[in-house]
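Colleague: Following this message is one structure expressed as structure tokens.
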Amino acid sequence: MAQKLSQRQQRVGQEIRKVIAEALERGEVRSPEIAEAFITITNVIMSPDLKYATVYLTTLNGKNIGVVLEQMTADKWLFKKLVASRLKLRFTPEINFRVDDTYDEVERINRLMQDPKVKADLAKSPDDNKID
């Protein structure tokens, strides 16, 4: 089970998310793959000691997500530099990028829920499943 994040972890994560999102919006990146993609930073999870940040991202319709992730990882030094210059932290966290697959999982569950077999099981009353 995932450990609950402290308020400090959440606050620092949100600030890092904001810095990276603003950098992408302003076009402060060198890579054309990143500059041309519609990237959304969905979440940033901080380690308890605030030395590591895992940045979750997605692109519009998942388009070119592999290439974007590769470029973001290659340019993570730039994002670390931006975080260091804009936030006053004792340590600048090491940044790791990951694909946020939450929306894909929601879509998969929605498709399952529309399956006729699943609908039939859900329509059964609880008494139908009793074992005598």
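The values are calculated or read from the model by the stated rules, or taken from the named source; none is laboratory data. Fair warning: this is a prediction, and the values are worked out from it, not measured in the lab. Heads up, the Cβs are rebuilt from the backbone with ideal geometry, glycines too, and the neighbour counts pull from every protein chain shown.
Colleague: Go through region 29-56 and give me each residue that's surrounded by 19 or more Cβ atoms within 10 Å (Cβ to Cβ) and more than 19 Å from Leu87 (Cβ to Cβ).
Modeller: If the condition is that a residue be surrounded by 19 or more Cβ atoms within 10 Å (Cβ to Cβ) and more than 19 Å from Leu87 (Cβ to Cβ), then Ile34, Ala37, Ile39 are the ones that fit.
Colleague: Kindly establish whether Phe97 is loosely packed, with under 14 Cβ neighbours inside 10 Å, under 25 Å from Leu5 (Cα atoms) and aromatic (Phe, Trp, Tyr).
Modeller: Details: loosely packed, with under 14 Cβ neighbours inside 10 Å: no; under 25 Å from Leu5 (Cα atoms): yes; aromatic (Phe, Trp, Tyr): yes.
Judged against the criteria, Phe97 is not a match.
Colleague: If the Cβ limit is 7 Å and pairs must be 6+ apart or interchain, which residue in region 96-120 that is among the aromatic types (Phe, Trp, Tyr) pairs with which residue that is assigned to a helix (DSSP H, G or I)?
Modeller: Once the first residue is among the aromatic types (Phe, Trp, Tyr) and sits in region 96-120, its partners that are assigned to a helix (DSSP H, G or I) give Phe97/Leu69; Phe97/Met72; Phe97/Thr73; Phe97/Lys76.
Colleague: In addition: Are there any strands (runs of 3 or more DSSP E) wholly within region 1-100 with 1 or more residues that are of a type in the set (A, V, I, L, M) and touching a Gly at 6+ places or on another chain (Cβ under 6 Å), and if so which? Even if it seems obvious, please write down each step before you answer.
Modeller: Numbers: elements: 39-46, 52-59, 94-99.
Output list reads 39-46.
Colleague: Residue by residue through region 16-27, note down the ones that are within 18 Å of Val67 (Cα to Cα) and not aliphatic (A, V, I, L, M).
Modeller: The answer is Gly27, and nothing else.
Colleague: Can Thr59 be described as surrounded by 14 or more Cβ atoms within 10 Å (Cβ to Cβ), polar (S, T, N, Q), within 25 Å of Glu107 (Cβ to Cβ) and modelled with pLDDT under 90?
Modeller: yes
Colleague: Examine region 62-74 for a residue that is of a type outside the set (Val, Ile, Thr) and touching a Pro at 6+ places or on another chain (Cβ under 8 Å), and state whether such a residue exists.
Modeller: Kept after step one, since they are of a type outside the set (Val, Ile, Thr), are these residues of region 62-74: 62-64, 66, 69-72, 74.
The next check asks that each one be touching a Pro at 6+ places or on another chain (Cβ under 8 Å); those that pass are none.
Within region 62-74, none of the residues are of a type outside the set (Val, Ile, Thr) and touching a Pro at 6+ places or on another chain (Cβ under 8 Å).
Colleague: Which residue is surrounded by the fewest Cβ atoms within 10 Å (Cβ to Cβ), if the candidates are limited to region 1-28 and must be closer than 15 Å to Arg86 by Cβ and among the hydrophobic types (A, V, I, L, M, F, W, C)?
Modeller: Within region 1-28, the subset closer than 15 Å to Arg86 by Cβ is 11-26, 28.
From the residues that got through so far, the ones that are among the hydrophobic types (A, V, I, L, M, F, W, C) too are 12, 16, 19-21, 23-24.
Values: Val12: 20, Ile16: 26, Val19: 19, Ile20: 26, Ala21: 16, Ala23: 20, Leu24: 20.
By that ranking, first place goes to Ala21.
Colleague: Under 24 Å from Tyr103 (Cβ atoms) and of a type in the set (Lys, Arg) - does that describe any residue in region 27-40? If you could, list the steps in order and put the result at the bottom.
Modeller: Restricting attention to region 27-40, the residues satisfying the condition of being under 24 Å from Tyr103 (Cβ atoms) are 29, 31, 33-40.
Narrowing further to those that are of a type in the set (Lys, Arg): none.
No, region 27-40 contains no residue that is under 24 Å from Tyr103 (Cβ atoms) and of a type in the set (Lys, Arg).
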